[in-house]
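For reference, the structure is listed below as C-alpha cells.
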Amino acid sequence: MFAPPVQRLITELGKLPGIGQRTAQRLAFHILRTDAEDANALADAIREVKERIGLCEICFNLADEPRCRICQDERRDAELICVVEEPGDVIPIERTHEYRGRYHVLGGALSPIDGVDPEDLKIAELYARVATGTVREVVLATNPTTTGEATALHIAAALRERAPDVAVTRLASGLPVGADLEYADEVTLGKALVGRRAL
Ligand SMILES: [Zn+2]
C-alpha cells in the first residue's frame, strides 16, 4: 500500500509500546511532513541513546558512565537500597524528594508464565550488594501488580534467610493496585515511601 521506505517506518514505529497500526501511520506521516533537520534530530537521538547509554555497574540504572549519577553521589545514603523493576521507576521516586538512598534496578519482575525467572533479573546482584554488610534497609518498590508483588515476596524471603539483620520494607498501600509506579503521582508515591512497612 505504501512505498517500501514508508512501510518500513510504519513497521518500526508500530513496534513501540502502546503504538497501534493507526498511530504508527499517523506518526510516520507526521515525520514525512517535518523538515529534514527535525527528522534527523529524532533519528540521531535514537542512535545516540543506544550508543552512549548503558547500565550502571552497581545498580543497573541507566548511565552514560560506568556508574550512574546516583551511585556516584556520595551524599546518597549507601545503607538504604530501593529495589525497582525498571530504570523508568527511579524517576517518580526521585520526584517525591522523600528518598535519599540508592537504588537497585531488577530489569523486570518475576513471571514464570512468561519465562522470567530469578536468573533473568538482577536479583543475585542485589544479594551480593547486601552481602557486603553495609546495607541497613532494602525497600521493595516493585509495582503493585501480581508479578511485582510476587517479586517482592520472593526477594523478601531470600533476604530474611541471607541477611536477617537487614530490614526489608515494602511501599505502603495507597498506590493504585495493578498500576505501574511510573504512573503514580508524586504525593501518593511520597506517602507510600514514608509509610513503608516491614515485610
Ligand atoms: Zn547506579
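Among the residues of region 67-85, those that are outside any helix (DSSP H, G or I) and either near the ligand (Cβ under 9 Å from one of its atoms) or among the hydroxyl-bearing types (Ser, Thr, Tyr) (or both) comprise Arg67, Cys68. Examine region 86-94 for a residue that is of a type outside the set (A, V, I, L, M, F, W, C), in a loop (DSSP other than H, G, I, E, B) and within 14 Å of Asp180 (Cβ to Cβ), and state whether such a residue exists. Yes: one or more hits. Checked against (1) of a type outside the set (A, V, I, L, M, F, W, C); (2) over 19 Å from the mean Cα position of the chain (by Cα); (3) surrounded by 12 or more Cβ atoms within 10 Å (Cβ to Cβ), Thr134 passes all but a single condition, namely (3). Take the conditions surrounded by 15 or more Cβ atoms within 10 Å (Cβ to Cβ) and of a type in the set (Phe, Trp, Tyr) and apply them to Phe60. Does it pass? Criteria met by Phe60. Considered as a group, the residues in region 88-116 that are in contact (Cβ under 8 Å) with a residue 60 or more places away in the chain and not hydrophobic (A, V, I, L, M, F, W, C) include one that is surrounded by the most Cβ atoms within 10 Å (Cβ to Cβ), and that residue is Asp89.
Is it true that some residue in region 20-38 is within 16 Å of the ligand (Cβ to nearest atom) and over 20 Å from Glu137 (Cβ atoms)? Outline the logic, then answer.
Pass one, region 20-38, residues within 16 Å of the ligand (Cβ to nearest atom): none.
Among the residues of region 20-38, not one is within 16 Å of the ligand (Cβ to nearest atom) and over 20 Å from Glu137 (Cβ atoms), which makes the answer no.
Looking at region 119-138, is at least one residue over 25 Å from Arg69 (Cα atoms), assigned to a loop (DSSP other than H, G, I, E, B) and modelled with pLDDT under 95? Scanning region 119-138 turns up no residue that is over 25 Å from Arg69 (Cα atoms), assigned to a loop (DSSP other than H, G, I, E, B) and modelled with pLDDT under 95.
Determine if region 46-57 includes at least one residue that is within 16 Å of the ligand (Cβ to nearest atom), open to solvent by less than 90 Å² (accessible area, probe 1.4 Å) and not small (Gly, Ala, Ser). So far as region 46-57 goes, yes, one or more of its residues are within 16 Å of the ligand (Cβ to nearest atom), open to solvent by less than 90 Å² (accessible area, probe 1.4 Å) and not small (Gly, Ala, Ser). Of the residues Glu149, Glu161, Glu119, the single one that is surrounded by 12 or more Cβ atoms within 10 Å (Cβ to Cβ) and among the acidic types (Asp, Glu) is Glu149. Within region 7-18, being surrounded by 10 or more Cβ atoms within 10 Å (Cβ to Cβ) and farther than 15 Å from Ala43 by Cβ holds for Gln7, Ile10, Thr11, Gly14.
Confirm whether Pro144 is farther than 26 Å from Glu57 by Cβ, touching a Leu at 6+ places or on another chain (Cβ under 7 Å) and not small (Gly, Ala, Ser).
On the way: farther than 26 Å from Glu57 by Cβ: yes; touching a Leu at 6+ places or on another chain (Cβ under 7 Å): yes; not small (Gly, Ala, Ser): yes.
The answer is yes for Pro144.
The values are calculated or read from the model by the stated rules, or taken from the named source; none is laboratory data. Please read all numbers here as calculations on a predicted model, not as lab measurements. Virtual Cβ from ideal backbone geometry, glycine too; neighbours counted across all protein chains shown. These area figures cover heavy atoms from the full protein model, side chains too; ligands, DNA and RNA do not enter into them. Shrake-Rupley method; radii C 1.70, N 1.55, O 1.52, S 1.80 Å.
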